[in-house]
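Written below as structure tokens is the structure these notes are about.
The values are calculated or read from the model by the stated rules, or taken from the named source; none is laboratory data. All figures in this text were calculated on a predicted structure; none of them were measured in a lab. All Cβ positions, even for glycine, are placed from backbone atoms using ideal geometry, and neighbour counts span all protein chains on display.
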Amino acid sequence: MHSMNRAYTDEQFSCLSPAVVRASTVVFENFEDFVQRKRRQPDGYSYGITGTPTARLLERRIADLEGARHCVVTPSGQAALMTAVMGFVRGGDHLLVSAASYGALKTFAEKWLASMNVEVEFFHPAIGAEIGERIRPHTRMICLEAPGTVTMEVHDTPAIARVARSRGVLTMMDNTWASPLGFRPLEHGIDFSVEAATKFLGGHSDLLMGSISMNDFQHYEVLRETQSILGQQVSPDDCFLVLRGLETLKVRLAAQSTATLAIARWLQRQPGVQDLLYPPLESDPGHALWKRDFRTNGCLFSMILAPGPEKAFHAFFDALQTFVIGASWGGVHSLAAYYPAAQQASRKFPRTDQPIVRLSIGLEDPEVLTAALSAALDAYTTALAAA
Ligand SMILES: *Cc1c(COP(=O)(O)O)cnc(C)c1O
């Protein structure tokens, strides 16, 4: 019998789906048990703030995907990034952050950490072993993300991890773009792999969740404590939904990855498209590193259209069918988002000073998606000609 497949089982009953265990209060057997409750951490249960068996099951499943020994889930991807940093970085420390990192992490570093006397330094996202030149005696952590949010830069992860480890600096990588099926940061020497489980793992645009996976037990103890002190616990119902999402992760990702590369190649040939920021394409400067390290084409890329006024972008989005306009990505519905030129230009080490259209490819028929994009590009080039 494959009892391992059963997520929930007791003497009377057994099934394939996990139990949703809701609790704030955890009940203790006796006085002694209660007095010693802190000893149950980091894995055990003492109050809802450190999780219930539903959260532990999800943590186990994500850790297995990441090839990690431990995992801590958080209420959002954003919370996972902040919790990983807050667990280890203190006033007086130096923090290195890739300029292509998730926007909220950069804001947190610049506005909160800097005011708490953390020295924050951004570096070029395409950096490799040269990161060593930025490391100082008080450098505590390096925050990475590849391909970078919106602009899709790829860094040399193993080279950075090697230098960091030899200098005693922690590394955290936001691995959301690839998911653990496409890249496993810990196998490349990274200390903490962060996922916005909101995206691929949940997969249905209906929840927020984050995860931090790691191998080191002491790091795990620190992050479990940080999670509970910062009050970052997740709803068991949301854990259930992510557990359900994980059941189809592999097939969703495979279908989306194949469709995404095909659509990107098609877009490259269309009038009105100036450039695609997407490392799976040979034309992308990050292609060689991407090819060496990554096992999926993801479902997310950015597009730079032939220069035109904002009015033309209006026309593009007004004409765009099937794609929903909205933030986030990784779900079964295709999405389109717009990032104005000013936002790119104001960045440190910008990849472009032009507006960006970012697409997330879902599970719709790829031909329906290319037809929708074709009509939107027609509207764009017509608006350009009229401008
Ligand atoms: C969406 C996203 C996050 C944040 O996740 P939320 O769950 O929305 O807070 C972090 N990193 C990357 C790369 C993301 O795409």
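Quick grid of which residues meet (1) touching a residue at least 12 places away in the same chain (Cβ under 8 Å); (2) of a type in the set (S, T, N, Q); (3) assigned to a strand (DSSP E or B):
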| site | (1), (2), (3) |
| --- | --- |
| 312 | yes, no, no |
| 321 | yes, yes, no |
| 338 | yes, no, yes |
| 343 | no, yes, no |
| 381 | yes, yes, no |
Taking residue 278 as meeting all but one of (1) touching a residue at least 40 places away in the same chain (Cβ under 8 Å); (2) crowded, with 20+ Cβ neighbours inside 10 Å; (3) away from the ligand (no atom under 16 Å from the Cβ), write down the number of the exception.
(3)
List every residue pair whose Cβ atoms sit under 8 Å apart, with the two residues 6 or more apart in sequence or on different chains, where the first one lies in the range 235-256 and is among the aromatic types (Phe, Trp, Tyr) and the second, anywhere, is surrounded by 14 or more Cβ atoms within 10 Å (Cβ to Cβ) and part of a helix (DSSP H, G or I).
240/54
Looking at the range 327-338 only, could you name the residues that are within 15 Å of the ligand (Cβ to nearest atom) and over 13 Å from residue 301 (Cβ atoms)?
327, 328, 331
Residues within the range 338-369 that are touching a Pro at 6+ places or on another chain (Cβ under 8 Å) and among the small types (Gly, Ala, Ser), tallied:
1
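Can we say residue 244 is within 23 Å of residue 73 (Cβ to Cβ) and over 18 Å from the mean Cα position of the chain (by Cα)? Give the derivation first.
Details: within 23 Å of residue 73 (Cβ to Cβ): yes; over 18 Å from the mean Cα position of the chain (by Cα): yes.
Spelling it out, residue 244 is indeed within 23 Å of residue 73 (Cβ to Cβ) and over 18 Å from the mean Cα position of the chain (by Cα).
What are the residues in the range 273-306 that are part of a loop (DSSP other than H, G, I, E, B), within 20 Å of the chain's Cα centre (by Cα) and small (Gly, Ala, Ser), if any?
Looking only at the range 273-306, we keep the residues that are part of a loop (DSSP other than H, G, I, E, B), and these are 278-286, 294-299, 306.
The next check asks that each one be within 20 Å of the chain's Cα centre (by Cα); those that pass are 278-280, 286, 294-299.
Matches in the range 273-306: 286, 298.
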Go through the range 303-332 and give me each residue that's surrounded by fewer than 16 Cβ atoms within 10 Å (Cβ to Cβ) and of a type outside the set (A, V, I, L, M).
307, 309, 310, 311, 314, 318, 321, 326, 328
Please specify each residue of the range 219-269 satisfying the condition of being out of contact with any strand residue (DSSP E or B) (no Cβ under 9 Å at 6 or more places or on another chain) and of a type in the set (Val, Ile, Thr).
222, 229, 248, 251, 258
Quick check, is residue 81 surrounded by 24 or more Cβ atoms within 10 Å (Cβ to Cβ), away from the ligand (no atom under 16 Å from the Cβ) and under 20 Å from the mean Cα position of the chain (by Cα)?
no
Any chance you could count how many residues in the range 348-384 are within 21 Å of the chain's Cα centre (by Cα) and buried (at least 20 other Cβ atoms within 10 Å of the Cβ)?
8
Breaking point among (1) away from the ligand (no atom under 16 Å from the Cβ); (2) crowded, with 22+ Cβ neighbours inside 10 Å; (3) of a type in the set (A, V, I, L, M, F, W, C), for residue 242:
(1)
So which residues in the range 210-229 are within 16 Å of the ligand (Cβ to nearest atom) and β-branched (Val, Ile, Thr), if there are any at all?
212
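Which is farther than 28 Å from residue 249 by Cα and out of contact with any helix residue (DSSP H, G or I) (no Cβ under 7 Å at 6 or more places or on another chain), of 41, 12? Give the steps one after another, and end with the answer.
Numbers: 41 fails: out of contact with any helix residue (DSSP H, G or I) (no Cβ under 7 Å at 6 or more places or on another chain).
The conditions single out 12.
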What about residue 298, is it modelled with pLDDT of 95 or more, in contact with a helix residue (DSSP H, G or I) (Cβ under 7 Å, 6 or more places away or on another chain) and small (Gly, Ala, Ser)?
yes
How many of the residues in the range 97-122 are free of Cβ contacts under 8 Å to residues at least 24 places away in the same chain and surrounded by fewer than 20 Cβ atoms within 10 Å (Cβ to Cβ)?
6
What tally of residues in the range 56-78 results from selecting those that are more than 16 Å from the ligand (Cβ to nearest atom), surrounded by 15 or more Cβ atoms within 10 Å (Cβ to Cβ) and not charged (D, E, K, R)?
5
